[in-house]
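Participant: Can you read through this structure? Questions will come right after.
The values are calculated or read from the model by the stated rules, or taken from the named source; none is laboratory data. Because the structure is predicted, anything quoted here is derived from the model rather than measured. Reconstructed Cβ throughout: ideal geometry from the backbone, glycine too, with neighbour counts over all protein chains shown.
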C-alpha cells in the first residue's frame, strides 16, 4: 500500500524497522529468525507493549486518512470513499478469517482510487498455513492496525466496521453449506502446495484426532473441519492455538506462542469467552481483540509492519 508508505522514511535509523531490530537484538542477543523465539520466551507483555507503542509513535497516526483526503474532491467524496473502504475491508477480514488467509502485509492490499474499496491480493497462505508453517507464526486473524483504525475515527473499530463484520459473519453462518460445499473442491482436487503441506505434517506427526490420516486427502479435510468450526461459533483464539499445535508443538517457544494467542483475562475479551458456542457478536469482538492486541502485534514478523 504505497498510499501510506509515502509518509515515512524507511531509511531513517530511528524508523520502526530499525527500532524493532534493536529491540529483538536486546531481547535475544542477536538478530535472525531465532531472535523471535528468544523474544517470545523472554519478553513480558509489558515490555512488548511498551516497545510496540514506541514504534507506532514514530509514524504519523493519520497517513491513510491523508491519502483518502487527497483522493477526495470534497467532504462528501471523502465520506463515500471511506464508507466503501470500511464495508469492503470488514467483509474481506471476515472472509479471509474463515478461509484462514494470512500473510496480510501491506504489499498484499490494494485500494481502488475510484471507489476507496479494499482489494486483497496474493493468497499463497490460506487455511491457516501462515500460523502453522511460517517460522514466525502469525497470531492475528486479519489486518486491523493503527492506520486502518484511525481512518475510522471517531468510532474506530467499534462502529460501522464492527457492525458490517457481524452482518457478514451472520450471513456466512446462516448458510454454512454454501461455503463448505464450495470448499469441497480442495478435497477432491488438492493443490500441489497442499500435498507438500500434507507431507510436512506427516513428517512432524502433526494432526488432530478427528481426522483419519489414512483416509485419502486427509489434509484438506482437516482444514475444512477448522472452517466449519469457525462457522459453528468457535472462539478464534482457540482455532489459532489448534493451528499452532499442528505446526509448532515441538518448537522451543510453543507454550509462549500459545499463551500470547490465548490472551490474558485482565486484558483480552477473547480470553474471557468460552472455547465454543459464541454468537456472531462475541466472535467478532474476539476477532477484533486478537487483531488489535499489542502483545501480538509487538511480536510479529518485521516485514508485516504492524506499526503501520
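Participant: For residue 110, are the conditions met, namely being within 15 Å of the chain's Cα centre (by Cα), more than 17 Å from residue 229 (Cα to Cα) and in contact (Cβ under 8 Å) with a residue 24 or more places away in the chain?
Facilitator: Criteria not met by residue 110.
Participant: Condition first: without any contact (Cβ under 8 Å) to a residue 24 or more places away in the chain and in contact with a helix residue (DSSP H, G or I) (Cβ under 6 Å, 6 or more places away or on another chain). Now tell me which residues in region 140-177 satisfy that.
Facilitator: 156
Participant: Further question on the same structure: So, in region 286-303, exactly how many residues are within 20 Å of residue 157 (Cα to Cα) and either touching a residue at least 60 places away in the same chain (Cβ under 8 Å) or surrounded by fewer than 22 Cβ atoms within 10 Å (Cβ to Cβ) (or both)?
Facilitator: Residues of region 286-303 that are within 20 Å of residue 157 (Cα to Cα), as a first pass: 286-298.
With the extra rule that they be either touching a residue at least 60 places away in the same chain (Cβ under 8 Å) or surrounded by fewer than 22 Cβ atoms within 10 Å (Cβ to Cβ) (or both), the set shrinks to 287-288, 290-298.
Residues that pass the stated criteria total 11.
Residues are listed down the side, and each one gets a yes or a no for (1) more than 13 Å from the chain's Cα centre (by Cα); (2) surrounded by fewer than 18 Cβ atoms within 10 Å (Cβ to Cβ); (3) under 30 Å from residue 78 (Cα atoms):
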position	(1), (2), (3)
142	no, no, yes
146	yes, no, yes
150	yes, yes, yes
154	yes, yes, yes
160	yes, yes, yes
174	yes, yes, no
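Participant: Please go through region 249-285 and give me each residue that is within 14 Å of residue 157 (Cβ to Cβ) and free of Cβ contacts under 8 Å to residues at least 12 places away in the same chain, ordered by number.
Facilitator: Selection gives nothing.
Participant: In addition: Can you spot a residue in region 64-87 that is free of Cβ contacts under 8 Å to residues at least 40 places away in the same chain, within 25 Å of residue 300 (Cβ to Cβ) and surrounded by fewer than 19 Cβ atoms within 10 Å (Cβ to Cβ)?
Facilitator: Of all residues in region 64-87, those free of Cβ contacts under 8 Å to residues at least 40 places away in the same chain come to 69-70, 72-81, 84.
Add one more test, that the residue is within 25 Å of residue 300 (Cβ to Cβ), and what stays is none.
Looking through region 64-87, none of the residues is free of Cβ contacts under 8 Å to residues at least 40 places away in the same chain, within 25 Å of residue 300 (Cβ to Cβ) and surrounded by fewer than 19 Cβ atoms within 10 Å (Cβ to Cβ).
Participant: Among the residues of region 269-284, is there at least one that is under 14 Å from the mean Cα position of the chain (by Cα), over 19 Å from residue 106 (Cβ atoms) and either surrounded by fewer than 22 Cβ atoms within 10 Å (Cβ to Cβ) or at pLDDT 95 or above (or both)? Even if it seems obvious, please write down each step before you answer.
Facilitator: Residues of region 269-284 that are under 14 Å from the mean Cα position of the chain (by Cα), as a first pass: 284.
Applying the additional criterion that residues be over 19 Å from residue 106 (Cβ atoms) yields 284.
Imposing the further condition that a residue be either surrounded by fewer than 22 Cβ atoms within 10 Å (Cβ to Cβ) or at pLDDT 95 or above (or both) reduces the set to 284.
Yes, because at least one residue in region 269-284 is under 14 Å from the mean Cα position of the chain (by Cα), over 19 Å from residue 106 (Cβ atoms) and either surrounded by fewer than 22 Cβ atoms within 10 Å (Cβ to Cβ) or at pLDDT 95 or above (or both).
Participant: Can you pull out the residues in region 245-263 that are in a helix (DSSP H, G or I) and modelled with pLDDT of 95 or more? Spell out the reasoning first.
Facilitator: Of region 245-263, the ones in a helix (DSSP H, G or I) are 245-248, 254-262.
Result: 254, 255, 256, 257, 258, 259, 260, 261, 262.
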